[in-house]
1. Among the candidates A223, A204, which residue alone is small (G, A, S) and under 15 Å from A144 (Cα atoms)?
2. Taking A34 as the residue in question, decide whether it is in a helix (DSSP H, G or I) and within 16 Å of the chain's Cα centre (by Cα).
3. Out of everything in the range 161-203 that is exposed (fewer than 13 other Cβ atoms within 10 Å of the Cβ) and small (G, A, S), what residue ends up being farthest from the chain's Cα centre (by Cα)?
4. Check off (1) at positive phi; (2) part of a loop (DSSP other than H, G, I, E, B) for D177 and give me the number that stays unchecked.
5. Given the range 60-166, what strands (runs of 3 or more DSSP E) lie entirely inside it while holding 1 or more residues that are in contact (Cβ under 8 Å) with a residue 40 or more places away in the chain, small (G, A, S) and at negative phi?
6. For the range 18-46, which residues satisfy the criterion of being more than 9 Å from the ligand (Cβ to nearest atom), β-branched (V, I, T) and in contact (Cβ under 8 Å) with a residue 60 or more places away in the chain?
7. Looking for something over 14 Å from the mean Cα position of the chain (by Cα), among the small types (G, A, S), at pLDDT 95 or above and farther than 22 Å from V107 by Cα - is there at least one such residue anywhere in the range 130-152?
8. Only one residue in R7, R37, R41, R46 is modelled with pLDDT of 95 or more, among the charged types (D, E, K, R) and either on the phi > 0 side of the Ramachandran plot or in contact with an Asp or Glu (Cβ under 7 Å, 6 or more places away or on another chain) (or both). Which one?
Amino acid sequence: MTAQPARTGAPAVAGGGGAPRHVAIIMDGNGRWAKKRFLPRIAGHRAGVEAVRRTVETAPDLGIEVLTLYAFSSENWKRPADEVNDLMGLLKRYLQSEIDELDRNGVRIRYIGDPERLSADVRLLLDTSVARTAGNGKLTLVLALNYGSQDEIARAVRRLVADGVEPTIEAIEARLDTADLPPPDLIIRTSGEQRLSNFLMWQAAYAELIFTDDLWPDFDRAAFERAIAEYGRRERRFGGL
Ligand code: FPP
């Protein structure tokens, strides 16, 4: 029924109905989830990790091949140092405690974003996880860390200039962090906010966008299934008729 996209902007699905190959999620609302319960923000992020676990487990059942999670943006460094440390700590603990199961379940780990500002121990953990799971094929889990689209595009253009290459769409795409990934078919943002916040802006050219009111820690299998069903009802034309 469908030709799979080789690169951003290439038609993936002539009409709706099929499962999205690549789903990307802006996990928003951890802080509000905690506030509603008179808990510190870290409690919301901890509950957010549980939602990450559930979502990664559910994705292959929904026919998804690539799942990208916006875990830490290049702007999130503006948060108080304690919260930044908490988020990095949660990421480390997630990778340390889940890596065996992720590997057993055929999950391949990748990350996008500028690794330069990540601490050496986070980078080591990420690189080890990427190397260990490189042969897995059930689901590619892409963690966006110190990621911002504008920064990604600027880095790609700098490489282009250094390579002395003509700035075509293909040449830019080949230098994005997502170069060897299909473009997202569906971007979900939780918590009722309706913006991309510097996430996959180039790659989102033809993505369907779904905004749900669920706060990220409340995002469960049923919410995920509803989003995928809504995607199935969308008609994708990629600029054609
Ligand atoms: C947005 O909620 C969420 C984040 C900035 C971080 C997302 C991180 C996690 C879910 C945990 C670590 C990730 C992994 C992959 C293990 P917010 O704090 O902006 O919420 P608010 O808008 O309600 O304040």
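The values are calculated or read from the model by the stated rules, or taken from the named source; none is laboratory data. If you're wondering where the values come from, they're calculated on a predicted model, not measured in any experiment. So basically every Cβ, Gly included, is an ideal-geometry build from the backbone, and we count neighbours across all protein chains shown.
1. Unique residue meeting the criteria: A204.
2. It is false that A34 is in a helix (DSSP H, G or I) and within 16 Å of the chain's Cα centre (by Cα).
3. That would be G164.
4. All conditions are met except number (1).
5. Those strands (runs of 3 or more DSSP E) span 66-73, 139-147.
6. V23, I25
7. no
8. Going through R7, R37, R41, R46 in turn, just one is modelled with pLDDT of 95 or more, among the charged types (D, E, K, R) and either on the phi > 0 side of the Ramachandran plot or in contact with an Asp or Glu (Cβ under 7 Å, 6 or more places away or on another chain) (or both): R41.
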